[in-house]
Amino acid sequence: MSSSNPLRDAADRRLPRIAGPSGLVIFGVTGDLSRKKLMPAVYDLANRGLLPPGFSLIGFARRDWEDEDFAQVVHDSVKEHARTPFREEVWQQLIQGMRFVQGDFDDDAAFATLKSTIEELDKQQGTGGNFAFYLSVPPKFFPKVVQQLKKHGLADQKDGSWRRAVIEKPFGHDLKSAQELNQVVHEVFPPNEVFRIDHYLGKETVQNILALRFANTLFEPIWNRSYVDHVQITMAEDIGIGGRAGYYDGIGAARDVIQNHLLQLLALTAMEEPASFDAHALVAEKTKVLGAVRLPKDLGKETVRGQYAAGWQGGEQAVGYLQEDGIDPKSTTDTYAAVRLEIDNRRWAGVPFYLRTGKRLGRRVTEIAVVFQRAPHSPFDHTATEELGQNAIVIRVQPDEGITMRFGSKVPGTSMEIRDVSMDFAYGESFTESSPEAYERLILDVLLGDSNLFPRLEEVEQSWRILDPIEEYWDTHGKPAQYESGTWGPAEADEMLAREGRSWRRP
Ligand SMILES: NC(=O)c1ccc[n+]([C@@H]2O[C@H](COP(=O)([O-])OP(=O)(O)OC[C@H]3O[C@@H](n4cnc5c(N)ncnc54)[C@H](OP(=O)(O)O)[C@@H]3O)[C@@H](O)[C@H]2O)c1
């Protein structure tokens, strides 16, 4: 929130947000997420001078490693995946606070070692007792790890210090399990010390939705049912499940992506302006709009699930989902999901929001397309506007981050012919600084105790309220439609829009 002193506000904007004395414990530190995203993000923050000098990083996993082995793994992961250049002096400082604790989540002795390691780092590194526990572990272990933290007094906040829990997605498997997990977590950590990760909210392009809508006068007057025909929110991946069969099978695309990332994008696109940008005001508006989402009346017609079959992708042959290693050949898990939702409020009544996600689609792309109605009257000959589509504002979340506006323009020549053209804003052209990775921003916010970019339980509950009936319907009705790898999903998804005279974008 801004202060009432304009001089201080001016200074605040220029001051980088630097974390105070603190440390981070990563459970599951040998995992994929930790190696590719978390460890590099810690280094990038240190390199940008945003971590305190005595910052400490403790890794916890079952491998028989010494501190030196752990440091080597962090080093390799930083060299391979960090965003900013490697600087020896930054590394040498970071390594001072690096420790590894070996153990299983059941192992009381390991948690006792973790406790003494934290106490030792408090003395040596001046971490002040402030530690965040990052649960980068398979979701079934979330309750166990949290309970162990309580049992060993690791969640106790003493003498003004803080202890925080960072919980990876998915937060629950449905509404009931999300509420149960929440109960376990809140028995140990107070609500304001719990940070649920939806890394999409850490992306610059996602935060920019708020800037686009609420810092400008150009867009908000037309951001409603009077002008918008429909909204398409897409997260398409070109890869298959890779080595993540154990995680993915039984979860599927809708739980993995729609429940969190896509419904968060919907909330930011559709919500009313918050009274301020503090966490409470934002959560209030996001929860309100998610609460106004109406479930499809006809789940058979307004939802589609699919499963990738063999095909060609990027010049290579790809196997179908049911042939992937570790997948039950009779699996009915969705690798593609599309839903049509409406929002029952004055701004959006009657405007469809089409959400889709899938693996092994034509291209890797995440975007929000706000598609506008056609002009109510055209003074031009029919032939002049044959090639004119609908106006659109497309927020390109990733890759090729930016915003495109599409509108009609006269084709140069002696006759009146109107065709679609695009006006582009690209991050790479407008700004010299590269965007921080989402995990950099989120880890820094955890250390600062800033919860704006973390979904609250109310939002998670609303998302499961939307998804649960869809999953239940799918469980009892048929199988996912097959689609060829490298295409844009099952024909049923195209039919869903064609019935309403619309079509999916082919980004
Ligand atoms: N990978 C991604 O890109 C991604 C994206 C979004 C969310 N997530 C979420 O992030 C979390 C981690 O994902 P991940 O892909 O990194 O998982 P992962 O590669 O399967 O890693 C799991 C980690 O948990 C540890 N572990 C498992 N069982 C243990 C036990 N009984 N005791 C102690 N340690 C144990 C493993 O350590 P050992 O070395 O001891 O086996 C390993 O470090 C999950 O909640 C996932 O849903 C991941």
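The condition of being touching a residue at least 12 places away in the same chain (Cβ under 8 Å), surrounded by fewer than 21 Cβ atoms within 10 Å (Cβ to Cβ) and among the aliphatic types (A, V, I, L, M) holds for only one of L210, L265, L218, that being L210. Which one of these is touching a residue at least 12 places away in the same chain (Cβ under 8 Å), assigned to a loop (DSSP other than H, G, I, E, B) and surrounded by 16 or more Cβ atoms within 10 Å (Cβ to Cβ): L355, L442, L453? Going through L355, L442, L453 in turn, the sole match is L453.
Of the residues making up the range 155-166, those that are without any contact (Cβ under 8 Å) to a residue 60 or more places away in the chain and in contact with a helix residue (DSSP H, G or I) (Cβ under 6 Å, 6 or more places away or on another chain) number 1. Determine whether the range 457-474 contains at least one residue that is of a type in the set (A, V, I, L, M, F, W, C), farther than 30 Å from H81 by Cβ and part of a loop (DSSP other than H, G, I, E, B). No, because not a single residue in the range 457-474 is of a type in the set (A, V, I, L, M, F, W, C), farther than 30 Å from H81 by Cβ and part of a loop (DSSP other than H, G, I, E, B).
Surrounded by fewer than 16 Cβ atoms within 10 Å (Cβ to Cβ) and more than 30 Å from the chain's Cα centre (by Cα) - does that describe any residue in the range 395-404? No, every residue in the range 395-404 fails to be surrounded by fewer than 16 Cβ atoms within 10 Å (Cβ to Cβ) and more than 30 Å from the chain's Cα centre (by Cα).
Report, by residue number, each residue of the range 193-212 that is part of a helix (DSSP H, G or I) and out of contact with any strand residue (DSSP E or B) (no Cβ under 9 Å at 6 or more places or on another chain). Selection gives H199, L201, G202, E204, Q207, L210, A211. Say we look at the range 179-193 and pick out the residues that are touching a residue at least 40 places away in the same chain (Cβ under 8 Å), surrounded by 20 or more Cβ atoms within 10 Å (Cβ to Cβ) and of a type in the set (A, V, I, L, M); which of these is farthest from A279 (Cα to Cα)? Only one residue fits best here, namely V188. Taken over the range 26-39, the criterion of being in contact with a Gly (Cβ under 8 Å, 6 or more places away or on another chain) and either away from the ligand (no atom under 11 Å from the Cβ) or among the hydrophobic types (A, V, I, L, M, F, W, C) (or both) is satisfied by I26, V29.
Scanning the range 157-183 for residues being at pLDDT 95 or above and more than 15 Å from the ligand (Cβ to nearest atom) gives a total of 11.
The values are calculated or read from the model by the stated rules, or taken from the named source; none is laboratory data. This is a predicted model, so every value here is computed, not measured. Every residue, glycine as well, gets a Cβ built from its backbone with ideal geometry; the counts of neighbours run over all protein chains shown.
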